[in-house]
Structure formats: C-alpha cells, structure tokens
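K.L.:
Questions regarding the structure given below will be posed in turn.
The values are calculated or read from the model by the stated rules, or taken from the named source; none is laboratory data. Values in this document were obtained by computation on a predicted structure and should not be read as measured data. We place every Cβ from the backbone using ideal geometry, glycine too, and count neighbours over all the protein chains shown. In case anyone asks, the SASA skips ligands and DNA or RNA and just uses the protein heavy atoms, side chains included. Shrake-Rupley method; radii C 1.70, N 1.55, O 1.52, S 1.80 Å.
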Amino acid sequence: MGEAQIINGINIDGLFSTVGAIKSNAEIAKFKFRAANKWVAGTHNRATISGFYGAGKEDTSREPMRFDLDEPPVLLGENKGANPVEYLLVALSGCLTTSLIAHAAARKIKIKKVESRYEGNLDLRGFLGIAEDVKVGFESIRVYFKIDADISDEQKKELIRMAQKYSPVFNTIANPVNVSVRIEKN
C-alpha cells in the first residue's frame, strides 16, 4: 500500500475509509462525549474530560484534560480561567475550523492558513434576573474568517457554509437541542 495522501494534516484515505465504514454500519457513527465539573470556590470551577464512547466502544486512549473556568474580577471572579461563555466561543472556533479544514481536504483544497475571530454580545440583566425580557445567554455571535488558499472568494465562502452546515457545535448553538438537568444522588 502506498503512502497516505495528507491534505491540511488530514489523512484523506483514512477520512474516506471512515465515511465508508459508517455508510456500512451506522451504529459506529454514534458517539457520547462526557464532561465532569467540580466547583472550587466563588466563581471558579474545574471541568474534566477523559474517555468517550464512539465507533462502537469506550475510548480511554487519552489522559484526562482539565479546564479551569472562572470569571474576571468585574464579574466577581479571580481570572483563574476563561469564563463559560468564552469556552463556548472557543468550542465554536475549534469545531468550525475543524469542519472547514476536513471538508476542504475532502475536496482536495489545500489550505495555507486559517484564522478566525469570535464575538458574542451578552446582557447581564438576563443572568441576574433583573429584566425578564432580556435573554439569558448570548444575544448574538459573530464569526470572522481569514482563509489563505489558492481558491476564489466564492470557494472560501462555500467552505465557510460547509463548516456551518457540518459543525456539531455550530448546529448545537444555532438550533434548539434538548438539555435535561437532574439531581444525582451522592
């Protein structure tokens, strides 16, 4: 077997092999990702991610990853980590970029560089319960991409549309998703 074709750091043979395997057995496409969180003090929390379920089995191949979450002093925190809505923007940035790069690779489009910037507007009156007519959470999010590739601006726009269409994080934010919150016994 020859060398794997790599475009944008993506193994194209592996990508299409995965697509073929999923077409043959849809069960291996079902993943369950998990996170755990523990309150530390004040507005400081520590989240941990380790294993996940995917491709028909439990995957524990990576070491646990820890994320400190906190607020800036103006929001009564101590800056011990990014705040939760900043992590949301980071998750969106990673997922849109990964989707864009993978779909470009599948189309054999070589990307030299991608940079993006994310902004979200949030009115604390919703969070603080001061105004019932104010949304709790981002009112809007804006994303700005810079793509360096030997393709037209229209092709760049198409890659961005594909990133939005196939990004799980973008679609989780942009479309309603069921979230259940329950008490768990000690």
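K.L.:
Mean 1/r over all different Cα pairs, inverted: what Kirkwood radius does the range 1-83 give, in Å? Spell out each step's value before the answer.
P.N.:
Numbers: mean 1/r = 0.0623 Å⁻¹.
Taking every pair of different Cα atoms in the range 1-83, averaging 1/r and inverting gives 16.1 Å.
K.L.:
Would you please classify the overall shape of the range 19-60 from the alpha carbon gyration tensor, given that a ≥ b ≥ c denote the square roots of the eigenvalues, rounded means a/c under 1.5, and beyond that prolate means a/b larger than b/c while oblate covers the rest?
P.N.:
Details: a/c = 5.85, a/b = 3.94, b/c = 1.48.
Note, shape of the range 19-60 comes out prolate.
K.L.:
Another question, then. Quick one: give the max-minus-min coordinate of the C-alpha atoms of the range 66-151 along each principal axis, largest first, in Å.
P.N.:
Largest to smallest, the principal-axis extents are 51, 32, 17 Å.
K.L.:
What is the spin-label model distance, in nm, from Ser61 to Ala106 if the labels are put 7 Å beyond Cα along the C-beta direction?
P.N.:
In this crude spin-label approximation the distance works out to 2.0 nm.
K.L.:
Moving on. From the mean inverse distance of alpha carbon pairs (Kirkwood) and the Cα radius of gyration, derive Rg over Rh for the range 48-110. If you can, show how the numbers build up before the last one.
P.N.:
On the way: Rg = 16.6 Å, Rh = 14.6 Å.
Using Cα coordinates only, the ratio equals 1.14.
K.L.:
Additional query: Would you mind computing the Rg to Rh ratio of the range 127-186 from its alpha-carbon coordinates, Kirkwood style for Rh?
P.N.:
On the way: Rg = 18.1 Å, Rh = 15.4 Å.
So for the range 127-186, dividing Rg by the Kirkwood Rh gives 1.17.
K.L.:
Over the range 7-49, what percent of the accessible surface lies on carbon and sulfur atoms, probe 1.4 Å? The partial results should precede the final answer.
P.N.:
Working: 1870 of 3050 Å².
Here it works out to 61 percent.
K.L.:
Can you work out D for the chain in µm² s⁻¹ from Stokes-Einstein, where Rh is the Kirkwood radius over C-alpha pairs, the temperature is 4 °C and the viscosity is 1.567 mPa s? Display every interim value, and only then the final one.
P.N.:
Working: Rh = 19.5 Å.
Result for D is 66 µm²/s.
K.L.:
About the Cα centre of the range 1-136, what is the dipole size in debye to 20, counting +1 per Lys and Arg Cβ and -1 per Asp and Glu Cβ, all else neutral?
P.N.:
Working: 18 positive and 16 negative charges, 110 e Å.
For this selection, approximately 520 debye.
K.L.:
Kindly rank 27-37, 138-148 from highest to lowest mean number of other beta carbons found within 10 Å of each residue. Write out the running numbers ahead of the final one.
P.N.:
Numbers: 27-37: 10.9, 138-148: 13.1.
In descending order of packing, they fall as 138-148, 27-37.
K.L.:
Assuming R0 = 25 Å, can you tell me the calculated FRET efficiency for the pair Phe138 and Thr98, based on Cβ-Cβ distance, to the nearest 0.05?
P.N.:
Values: r = 21 Å, r/R0 = 0.84.
Efficiency, rounded to the nearest 0.05: 0.75.
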